[in-house]
């Protein structure tokens, strides 16, 4: 087994405070070097299908929270999801991501189980499926895994339990969230989490602890990105001190430090990055990220996900959009891993350690 590099919390915090351009460039180059080691300079595609914005939760930061009456709700049909999945498969995507608001009902579970089985059969089990559906029972997670789910992303949003309470109503529980992550690992999922960066009252200490949380929880995948204030959410009232450039700076550092600290995990170049600043996904691919999630279902005005403000609402074809994505990856000096699932190496090492 390779010798593990130890990075103390104080070292992590020092990097967050660092403003020296030369030192930061060195950090980002090291992160890129570590990324090349585990993915051979490849970028893995996860075709994103946001299939429903109905949600039973009321999180204070989220645009699709139950109490938001300003958005139109939708649920894609099985046929719409299958069509998008098949398009992604034929374009060479190694995986798709099915994402929705949290709906914990037997009807929704049955819908998903049927959907997963159909996608796997349709693609001859050659496409990976990532799920991002929120908190469910261990039995539901097991059923989804057995139906064909490969990965599950459940963001913790912050590892500070006190800060967590400021983001959620009382029906949310930090321990419940972490238990779900343990349940996902135990049933066999490649398991991922992540945080929002730039939250009100979030500190450098919090961000350093978030990275340590990823390590302690033995995560296989990290999906994190900038917090984007949404005027239709309760948390917006605390946005007055929000600094876009500081948030981007901290996000860059989070990606790079997480790569160096965790090494063999998959890290996503968040779709939220380019909402704040153009070409940010391109930059993320050069400082530690090795996964990108292009949209493969295009929302129109009637089917707009609205997880955060200014999400893309496409007026051009997905073919043209995918061409832009390919150009982005080329500019980052990387290459697309066509038809590769890109399973995180950490998943396999974690499973071996548990035997």
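No lab work stands behind these numbers, since they all come straight from the coordinates. In this text the structure is predicted, and so the values were computed from the model without any measurement. A quick note on method: Cβ atoms are made from the backbone with ideal geometry, for glycine too, and the neighbour counts reach across all protein chains shown.
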> Comparing 113, 267, 228, which has the greatest mean-square fluctuation in the GNM of the chain with Cα pairs linked when under 10 Å apart?
Replying inline: 113
>> What are the extents of the Cα atoms of the chain along their three principal axes, in Å, largest first?
In response: 52, 45, 44
> For residue 338 and residue 243, what does the FRET efficiency come to when R0 = 41 Å and r is the distance between their Cβ atoms, rounded to the nearest 0.05?
Replying inline: 0.60
> Is it possible to state the helix-based mean residue ellipticity at 222 nm for the chain, with each DSSP H run of 4+ residues giving -39500 (n - 2.57), the sum divided by total residues, to the nearest 500 deg cm²/dmol? What is it?
Replying inline: -13500 deg cm²/dmol
> Using the beta-carbon distance between residue 40 and residue 124 and R0 = 25 Å, what value does 1/(1 + (r/R0)^6) give for FRET efficiency, to the nearest 0.05?
Replying inline: 0.50
>> For region 191-320, take every pair of Cα atoms, bin their distances at 5 Å starting from 0, and report each bin as a whole percent.
In response: 2, 10, 19, 21, 19, 15, 9, 4, 1
> What value does region 9-120 have for Rg/Rh, both radii from Cα atoms and Rh as Kirkwood defines it?
Replying inline: 1.14
> Taking the Cα-to-Cβ direction at residue 83 and at residue 107 and moving 7 Å from each Cα, how far apart do the two end points lie in nm?
Replying inline: 2.3 nm
> Which percent, nearest 5, of DSSP beta bridges in the chain are antiparallel?
Replying inline: 5 percent
>> With a 10 Å cut-off between alpha carbons and a GNM built on the chain, which of 166, 216, 35 moves the most?
In response: 216
>> Along the Cα→Cβ direction, 7 angstrom out, place labels at residue 175 and residue 212. What is the inter-label distance in nm?
In response: 2.1 nm
> For residue 351 and residue 10 in the same chain, what is the full-extension length gain: residue separation times 0.36 nm, less their Cα-Cα distance, in nm?
Replying inline: 119.7 nm
> Quick one: if you stick a label point 7 Å off each Cα along the C-beta vector at residue 19 and residue 146, how many nm between them?
Replying inline: 5.7 nm
> Taking the chain as a Gaussian network, Cα atoms linked when under 10 Å apart, which of 293, 245, 254 shows the biggest mean-square fluctuation?
Replying inline: 245
